[in-house]
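Written below as structure tokens is the structure these notes are about.
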Amino acid sequence: MTDSFLSVRDLVVHFPTTDGIVKATEGLSYDLDRGKTLGIVGESGSGKSVSSSAILGLHRGTNAQVSGQILLDGDDLLQLNDEQMRRCRGRDVAMIFQDPLSAMHPYYTVGNQIGEAYLVHNKVSKKAARARTIEMLDRVGIPQPDRRVDDYPHQFSGGMRQRAMIAMSLMNDPGLLIADEPTTALDVTVQAQILDLLQDLQREFNSAIIIITHDLGVVAEMADDVLVMYAGRAVEYGPTKEILVHPEMPYTWGLLSSVPDVTGDTDAKLIPIRGNPPSLLNPPAGCAFNPRCDHRDKVPGDLCTTVVPELTPARTGGNHTKRCHLANPDEVYATEILPEIAPDLVQGQA
Amino acid sequence: MLAYIVRRLFAGGILLVAMSMITFILFFAIPSDPAQFACGKNCSLAQRAQVRKGLGYDKPVAVQWENFAVGVFKGRDYPDDKSLAKSAPQLIAHCAAPCLGYSRVNLQTVTQEFKQRIPVSASLALAAFLMWIIGGIGLGALAAVWKGTIIDRGVVGISLVFYAFPTFFVGLFLLKYLAIKWQVFPVPSYISIADGGLWNWFVNLILPALTLALFYMAGYVRMTRAFVLESMSEDYLRTAKAKGLAPRKILYKHTMRAALTPLVTMAGLDLAGLLGGAVITESVFNYNGLGKLVVDSVITFDLPTVVGLVLLLGAFVIVANIIVDILYALIDPRVRVG
């Protein structure tokens, strides 16, 4: 048993369908402390949103099968009954969604929707909720909050809507904030503002943040730890610095190769990961990444196509684990991948 | 908003003028002679010409329309004959403004006819409207919440049955069993509140209104179910759930508000259509409403009544449209101007 604030153990989320079981999350484990940020990275359909929604119990009432443990402050959220889980939502764990326009009800004012989050967990008057709403809108940087509180979502710009969503999520000072691609739907200039705001608020409220993204730039900026997910499994997990500098899993290499670098050499290639994400209904045998992996031939025998690799400590150490059969991934990365994606970096060292 | 309403009302007025013109033109394009109808089978040419003059059909269509239009605002006499007014004033029928014409078939002004018929049709339409809105939306939401269960299938299946059966069958069925055989209700006939009091008016209204409501309800059950399900998959419902709202609050406040919006349009137009009379239901239950008047006036070639009806029913739809648009702006803040 760990003493982390949030501790997810062997989380499994399956969706039975008429075609079979969709294995959206398989045996996911991670820890997160207050004041720290975990970045969960992966392609669409890798299970990052599904596993995080499970923390809020958003799969309850559907046919999803969720098992494992989600310990928040020592309490297993999966053992709570529906009413206890409902009280926990928004109060202990809050969530910010990707598209703030569709995440807000078009027919109610921003203030009404934000105040609602406060009223549901606190026995206060509507007036008090409104005062708190204005205070929070001010805190997240909405100008003239006492007037904008009566606006409708469509009268807000995209960035302001996301600020309002953040205000809504922080109304009850939750210990854990899950941000599901909070900047994906926003302009690049606004993205940075929102990320800054999240960091400021994290320092102020000392909350734990899970930030779900496919943008490694966001991870580098925000996250203390990174969890790379592929086909419902964690394939690499460790401190952000470790993973960005010494990635040991070919999928992570692929993600890094796909990121454009504005300051870097224009000769550096953008190398997309070939192929498509696997079906979660029928994932490939062995390592789920093997059909798209360029380094399969470096593994002796047919290990990659038959045996699911375990999460094992990385060769470079540092509390960093990866799921790969390669015997010397650190060397492969240094000699084959790094020169391709950052030639200037390699030359600088030489 | 006020400017918008005024603009819409003005446009509606112009539409009504155009409708009255088209009705006149269409009526005279028919290759049969209204004077021949009024005169009867054994009618000499001279007699027919006299009748035509008496009815005012000898004048050009444009003049007839003009007389009609003036009559709407000023009232007019039938027949409009100054010498006859002097010699035999008892033969002249005065039609006070707003005069929509004088029916030679029913021997009263169209306005009087409407005054008798509108309360009948309006009572029926409003009672049916209440029943199907409450029943349709309630059952539709129930089916959506219990989607895929026996409740859902039962509600949708039964409503489909009532949708499939023709109104006259359901009407006669209810009449035969509930009124005649088991005598749960009286055999309905329209009793105004003034004549029989609120209770008699209401009890007599139940069966015909139910007949209409069962038919309309089926559509509303299916629509409500679809809209609620669609609204349930919206992102903002996930937000509401993530806030920790109770399922009941999510359903009533967040889901239903969004699901009901498109139903407002449907309901407004359906009600407007029904205010113009329910031909079959009125016939089955022997209600002398606008629906029966429509059929009778067309069969007896009663031009003034037909023109009046076209304008009245048109006005219902135009006004309903304007009301629906205003309601829409009240419901959906995105529609509001400014």
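The values are calculated or read from the model by the stated rules, or taken from the named source; none is laboratory data. Quantities reported herein were computed from a predicted structural model and do not represent experimental measurements. In this analysis, Cβ positions are derived from the backbone assuming ideal geometry, glycine residues included, and neighbour counts consider all displayed protein chains.
Worth pointing out:
- Residue in the stretch A:29-50 that is farther than 25 Å from A:Val149 by Cβ and within 14 Å of chain B (Cβ to nearest Cβ) present: yes
- For the stretch A:98-123, a tally of residues being facing another protein chain (nearest Cβ under 9 Å), of a type in the set (A, V, I, L, M, F, W, C) and within 16 Å of A:Tyr152 (Cα to Cα) returns 3.
- Verdict on A:Arg274 being basic (Lys, Arg) and out of contact with any Asp or Glu (no Cβ under 6 Å at 6 or more places or on another chain): yes
- Check on B:Phe285, aromatic (Phe, Trp, Tyr), within 17 Å of B:Leu124 (Cα to Cα) and touching a Pro at 6+ places or on another chain (Cβ under 7 Å): yes
- Counting only helices (runs of 4 or more DSSP H) wholly contained in the stretch B:196-311, the ones carrying 3 or more residues that are under 24 Å from the mean Cα position of the chain (by Cα) occupy B:256-275, B:279-284, B:290-299.
- Within the span defined as the stretch A:73-86, one or more residues are on the phi > 0 side of the Ramachandran plot, surrounded by fewer than 20 Cβ atoms within 10 Å (Cβ to Cβ) and within 28 Å of the chain's Cα centre (by Cα).
- When residues of the stretch A:323-350 are limited to those that are modelled with pLDDT of 80 or more and more than 30 Å from A:Glu26 (Cβ to Cβ), the one surrounded by the most Cβ atoms within 10 Å (Cβ to Cβ): A:Leu338
- Of all residues in the stretch A:14-49, those satisfying the criterion of being of a type outside the set (Gly, Ala, Ser), farther than 27 Å from A:Asn206 by Cα and either touching a residue at least 60 places away in the same chain (Cβ under 8 Å) or touching a Leu at 6+ places or on another chain (Cβ under 8 Å) (or both) are A:Thr17, A:Asp19, A:Ile21, A:Val22, A:Lys23, A:Thr25, A:Glu26, A:Glu43.
- Looking across A:Asn81, A:Asn63, one residue alone is touching a residue at least 40 places away in the same chain (Cβ under 8 Å), within 14 Å of another protein chain (Cβ to nearest Cβ) and more than 27 Å from A:Leu197 (Cβ to Cβ). It is A:Asn63.
- Cβ pairs under 7 Å, 6+ apart, first in the stretch A:95-110 and assigned by TED's automatic domain parsing to the domain that holds A:Asp146, second crowded, with 19+ Cβ neighbours inside 10 Å and of a type in the set (S, T, N, Q): A:Met95/A:Ser169; A:Ile96/A:Ser169; A:Phe97/B:Thr239; A:Pro100/A:Gln162; A:Ala103/B:Thr239; A:Met104/A:Gln113; A:Met104/B:Thr239; A:His105/A:Gln113
- Long-range neighbours under 9 Å by Cβ, at least six apart or interchain, first residue touching a residue at least 60 places away in the same chain (Cβ under 8 Å) within the stretch A:143-162, second assigned to a helix (DSSP H, G or I) and surrounded by 17 or more Cβ atoms within 10 Å (Cβ to Cβ): A:Arg161/A:Val110; A:Arg161/A:Pro153; A:Gln162/A:Val190; A:Gln162/A:Ile194; A:Gln162/A:Leu197
- The criterion of at least 3 residues that are touching a residue at least 60 places away in the same chain (Cβ under 8 Å) and surrounded by 14 or more Cβ atoms within 10 Å (Cβ to Cβ) is met, among helices (runs of 4 or more DSSP H) falling completely within the stretch B:53-159, by B:110-145.
- Restricting the stretch B:215-246 to residues that are surrounded by fewer than 21 Cβ atoms within 10 Å (Cβ to Cβ) and touching an Asp or Glu at 6+ places or on another chain (Cβ under 9 Å), the residue that is nearest to the other protein chains (Cβ to nearest Cβ) is B:Asp235.
- Residues being in contact (Cβ under 8 Å) with a residue 12 or more places away in the chain and of a type outside the set (A, V, I, L, M, F, W, C) - total across the stretch B:167-197: 7
- If only residues of the stretch A:134-145 that are part of a loop (DSSP other than H, G, I, E, B) and at negative phi are counted, the one that is farthest from the other protein chains (Cβ to nearest Cβ) is A:Pro143.
- Scanning the stretch B:247-277 for residues that are under 26 Å from A:Thr62 (Cα atoms), of a type in the set (A, V, I, L, M) and either more than 11 Å from chain A (Cβ to nearest Cβ) or touching a Ser or Thr at 6+ places or on another chain (Cβ under 9 Å) (or both) yields a count of 5.
- Neighbours by Cβ (under 7 Å, 6+ apart or cross-chain): first from the stretch A:189-215, part of a loop (DSSP other than H, G, I, E, B); second at pLDDT 90 or above and aliphatic (A, V, I, L, M): A:Ser207/A:Leu176; A:Ser207/A:Leu177; A:His214/A:Val41
- Failed criterion for A:Phe205 (all others in (1) within 19 Å of the chain's Cα centre (by Cα); (2) closer than 24 Å to A:Asp73 by Cβ hold): (1)
- Boolean, A:Gly159 is assigned to a loop (DSSP other than H, G, I, E, B), more than 14 Å from every other protein chain (Cβ to nearest Cβ), out of contact with any His (no Cβ under 9 Å at 6 or more places or on another chain) and at pLDDT below 95: no
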